[in-house]
2 protein chains.
Amino acid sequence: MAKASIVSIGNEILSGQTVDTNAAYLSTKLLAIGIPVVSSYTIGDEIDSIVRTLNLAGNDADLILVTGGLGPTDDDLTRQAFAQLLGTDLQLDNKLLDKIQEFFVSRNRQMPEINRIQAYTPAGAKALPNSLGTAPGIWAELHGKSFIAMPGVPFEMKQMFEESVLPKMAGFSFGNVVVVKKINCFGTGESNIAELLTDLCRRDRNPLINSTVDCGVITLHIVAAAEDKNKAQQMAEKDEHLLRSKLGKLVYGTDDQTLAEVVGRMLAQQKKTISVAESCTGGCLAAMLTDVPGASEYFTHGWVTYSNSAKIDELGVPDELIQKHGSVSSQVAEAMARGAGKRAATHFAIAITGIAGPAGGTEQKPVGLVYICVDSDNHCETKRFIFSHNRASIRHRAAQTALNMLRLKLQI
Amino acid sequence: MAKASIVSIGNEILSGQTVDTNAAYLSTKLLAIGIPVVSSYTIGDEIDSIVRTLNLAGNDADLILVTGGLGPTDDDLTRQAFAQLLGTDLQLDNKLLDKIQEFFVSRNRQMPEINRIQAYTPAGAKALPNSLGTAPGIWAELHGKSFIAMPGVPFEMKQMFEESVLPKMAGFSFGNVVVVKKINCFGTGESNIAELLTDLCRRDRNPLINSTVDCGVITLHIVAAAEDKNKAQQMAEKDEHLLRSKLGKLVYGTDDQTLAEVVGRMLAQQKKTISVAESCTGGCLAAMLTDVPGASEYFTHGWVTYSNSAKIDELGVPDELIQKHGSVSSQVAEAMARGAGKRAATHFAIAITGIAGPAGGTEQKPVGLVYICVDSDNHCETKRFIFSHNRASIRHRAAQTALNMLRLKLQI
């Protein structure tokens, strides 16, 4: 099985001014097609250091993916380092020069002389097109290893990797075609999901099932390898059905879908509208819902009723109810949701009230206590939660959980 | 001047399942005290590979910071690798064992036998206390170089670094005591700030001034080195005055303060209250304001008036105004702010209306066009902006810019 190594070049990464997301992106993409990354190096803009590191990476792996150092300035030295590694010189490629000039012309600018260097490629290496910027990539072969240089700017790198590098990777991954499907879950912990899947998570299984967690969202990656694409696709689909049958309603979506996107799509399809009334989440739920392009189709009104008077004046929550049960109570959550739905005349209304902390907790009502109510014409559901960690995570988890409650309601 | 190298250990980082934020954190902290990171390595959980990489890092630098691989399971091999590097054995440290047992007792659990390994330290090395978890760190000296292992869990690592490592770093940075002050700016670009500072940013200057950028916030790190702390403190303070005099109102705060925190503190001190009315930012501004603990002291009401009818019904924006100027206009922004301030009876009201995209733009009103109004009893200020990049960054920048407008108003 082929192995990969990643080399990230740039003083701005070493100094911590830029977090290197390129390496994680490449690792995920490579793992998904069955190529493990066995080492990753970050170095500054110094030619000797770059050449030495390319050699180290070449000792570790068959495929060496390099990002950064392809810009037009003096501290961009990846081209020169590749030439030194190959023992050749840089050669002007007139076709590349034309393309770079076109890039500037299309933006009504003249190419600065400084960008001319980007049209040079080490003799014997191949240039990779960059449709989003001026820095072409480089693909070089040395002693049976492939050294590939891509720009450091993430969106240029991703475009180049997916367009010019990934399609040629199939040969590296056990000689098989690999298909990956992602299944996103919400509503339980990672260990609980592992228990539900038992043997399916074995490391020697094909398809391989990897899980990752991000803010309560658990993503299962199904990695199917087979001699042809149809077969791999079928294997992945079979596993998707299997996972869905084992996990049921814990599965909310696929690929990079967020809960807000999925809920938004369901609302749009069912031609339903939503309004929200937030206390402790202070706008987080509205912000998640409106983060989705086209949200105006179903989202109309949001209230952040942080003070009691806001709850009373804007949502018509009875003062007595707050006096009797406190503003953090199921009764007030329900009254907030009903008030929002009535004022906004939406099909659904969600209300959240709780104690995000760090102050304000009591023994009976600790920090992390949150009531969430999802109200609709025919049904009103209020749930009590205790979320943990800090203020930010309590707020985030409460908003996500509210979206999940609405999802389950829309799925019925 | 001393140099540092970072080694991150863990299959979960190599596989891209975890983005390595530890390296960026350490780089920033070290740079701030004048120690540049010259290389950074990421490797998997294999002992030979770890030992080889420790040697490589030792060739690059004087200070080698290692994170990860200190857990209790079989794939945690940093302790063993350190012993191999030093040519010694692991020794049981009974004091460490007591501490680990206490950790479990305090959580009403018995220590699993597996955690016993965490009480072992390579002979000749020093253990570093972990107040938040069970994995102690390791500090070893070899050939005049310092090798320091810390846990991979970010909050445990940060705590250990700041408590046990950073205080001992002074000796590494030109043999001097180092004092760092951070100055946060908002309202212009990094290159504009560099122009205003000119010679102050010279790399051979003491104090050294480094700048970092995050979502429009530009942070200047003043790194003052001197023979004693008082002197360094004085130098840093002198530079702080100098920077403040050159940058004026661009400076909004120090250290890790956010715009929302600074604005919140000003509101609390001046006993003023605020309400917000948001369209394109959809709750982001309210979420930022309420992200600050204690925000209920000054923040009372927020409206997310996404639909026109919400603007009309909830904020009293005249329908004719929307018909005449469009909902994205200075007139509607002003009416939203006035309506919010009136309903909420707050001293200040902010309104934001714009086009976050990707759809909805026209030639006259392109994606990124945003009107922000800050209204108070005696003055109403509305500004027009064109923000760039994508939906998320347009929304984020609009909300931050609104906070900054309020800050400038509160500073008068």
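Do the conditions hold for residue A:310, that is, is it within 30 Å of residue A:361 (Cβ to Cβ), free of Cβ contacts under 8 Å to residues at least 12 places away in the same chain and touching a Gly at 6+ places or on another chain (Cβ under 9 Å)?
Criteria met by residue A:310.
It is to be established whether one or more residues within the range B:23-31 are out of contact with any strand residue (DSSP E or B) (no Cβ under 8 Å at 6 or more places or on another chain) and not basic (Lys, Arg).
For the range B:23-31, residues out of contact with any strand residue (DSSP E or B) (no Cβ under 8 Å at 6 or more places or on another chain) and not basic (Lys, Arg): present.
For the range B:318-369, how many residues are among the acidic types (Asp, Glu) and within 13 Å of residue B:380 (Cα to Cα)?
Selection size over the range B:318-369: 1.
Filter the range A:52-80 down to the residues that are of a type in the set (Gly, Ala, Ser) and in a helix (DSSP H, G or I), then identify the one that is surrounded by the fewest Cβ atoms within 10 Å (Cβ to Cβ).
Across the range A:52-80, the extreme among qualifying residues is A:58.
Would you confirm whether or not the range A:224-233 contains a residue that is out of contact with any His (no Cβ under 8 Å at 6 or more places or on another chain) and closer than 30 Å to residue A:396 by Cβ?
Scanning the range A:224-233 turns up no residue that is out of contact with any His (no Cβ under 8 Å at 6 or more places or on another chain) and closer than 30 Å to residue A:396 by Cβ.
For residue B:324, all conditions in the list (1) within 14 Å of chain A (Cβ to nearest Cβ); (2) surrounded by fewer than 19 Cβ atoms within 10 Å (Cβ to Cβ); (3) closer than 23 Å to residue B:366 by Cα; (4) not acidic (Asp, Glu) hold save one; what is the number of the exception?
The failed condition is (1).
Hand me the list of strands (runs of 3 or more DSSP E) wholly inside the range A:225-310 holding 2 or more residues that are surrounded by fewer than 23 Cβ atoms within 10 Å (Cβ to Cβ).
Output list reads A:251-254.
Condition (residue is in contact with a Gly (Cβ under 7 Å, 6 or more places away or on another chain), in contact (Cβ under 8 Å) with a residue 40 or more places away in the chain and not aromatic (Phe, Trp, Tyr)) applied to the range A:32-40: is it met by at least one residue?
no
With the checklist (1) free of Cβ contacts under 8 Å to residues at least 40 places away in the same chain; (2) within 14 Å of another protein chain (Cβ to nearest Cβ) in hand, flag the one item residue A:248 doesn't pass.
With (1) free of Cβ contacts under 8 Å to residues at least 40 places away in the same chain; (2) within 14 Å of another protein chain (Cβ to nearest Cβ) applied to residue A:248, the lone miss is (2).
Under the condition of being β-branched (Val, Ile, Thr) and under 16 Å from residue A:43 (Cβ atoms), which residue from the range B:52-77 is nearest to the other protein chains (Cβ to nearest Cβ)?
B:53
Tell me yes or no: at least one residue of the range A:378-387 is surrounded by 13 or more Cβ atoms within 10 Å (Cβ to Cβ), assigned to a loop (DSSP other than H, G, I, E, B) and within 14 Å of chain B (Cβ to nearest Cβ).
no
Only one of these is in the same structural domain as residue A:286 (by TED's automatic domain parsing), within 15 Å of residue A:274 (Cα to Cα) and within 34 Å of the chain's Cα centre (by Cα): A:378, A:404. Name it.
The conditions single out A:404.
What are the residues in the range B:381-401 that are of a type in the set (Ser, Thr, Tyr) and either at pLDDT below 95 or not assigned by TED's automatic domain parsing to the domain that holds residue B:277 (or both), if any?
B:388, B:393
Enumerate the pairs (first residue in the range B:229-244 and among the hydrophobic types (A, V, I, L, M, F, W, C); second residue anywhere and part of a helix (DSSP H, G or I)) with beta-carbon separation below 8 Å, excluding pairs fewer than 6 apart on the same chain, so at least 6 apart or on different chains.
B:242/B:200; B:243/B:197; B:243/B:200
I'd like to check something: does the range A:280-303 contain any residue that is away from every other protein chain (no Cβ under 14 Å), in contact (Cβ under 8 Å) with a residue 40 or more places away in the chain and within 21 Å of residue A:408 (Cβ to Cβ)?
There is no residue in the range A:280-303 that is away from every other protein chain (no Cβ under 14 Å), in contact (Cβ under 8 Å) with a residue 40 or more places away in the chain and within 21 Å of residue A:408 (Cβ to Cβ).
With respect to residue A:291, is the statement that it is farther than 17 Å from residue A:353 by Cβ, of a type in the set (Asp, Glu) and modelled with pLDDT of 95 or more true?
Yes: the conditions hold for residue A:291.
Of all residues in the range A:26-51 being hydroxyl-bearing (Ser, Thr, Tyr), outside any strand (DSSP E or B) and at the interface with chain B (Cβ under 7 Å from one of its Cβ atoms), which is surrounded by the fewest Cβ atoms within 10 Å (Cβ to Cβ)?
A:28
Select, from A:161, A:174, A:186, the only residue that is aromatic (Phe, Trp, Tyr), modelled with pLDDT under 80 and touching a strand residue (DSSP E or B) at 6+ places or on another chain (Cβ under 7 Å).
Unique residue meeting the criteria: A:174.
Counting just the residues of the range B:1-19 that are more than 7 Å from every other protein chain (Cβ to nearest Cβ) and free of Cβ contacts under 8 Å to residues at least 24 places away in the same chain, which one comes out surrounded by the most Cβ atoms within 10 Å (Cβ to Cβ)?
In this case the residue turns out to be B:18.
Looking for whichever is farther than 26 Å from residue A:59 by Cα and assigned by TED's automatic domain parsing to the domain that holds residue A:239 here; the options are A:156, A:163, A:190. Which one fits?
The unique qualifying residue is A:190.
Right, residue A:398: of a type in the set (A, V, I, L, M), buried (at least 24 other Cβ atoms within 10 Å of the Cβ) and part of a loop (DSSP other than H, G, I, E, B) or not?
no
Which condition breaks for residue B:87 when tested against (1) at negative phi; (2) more than 22 Å from the chain's Cα centre (by Cα); (3) among the small types (Gly, Ala, Ser)?
Failed condition: (1).
Among the numbered conditions (1) surrounded by 14 or more Cβ atoms within 10 Å (Cβ to Cβ); (2) in contact with a strand residue (DSSP E or B) (Cβ under 8 Å, 6 or more places away or on another chain); (3) modelled with pLDDT of 95 or more, tell me where residue B:361 comes up short.
That leaves (3) as the condition not met.
The values are calculated or read from the model by the stated rules, or taken from the named source; none is laboratory data. Predicted model, so just to flag it, every value in this text is computed and none were measured. Backbone-built Cβ (ideal geometry, glycine too); neighbour counts: all protein chains shown.
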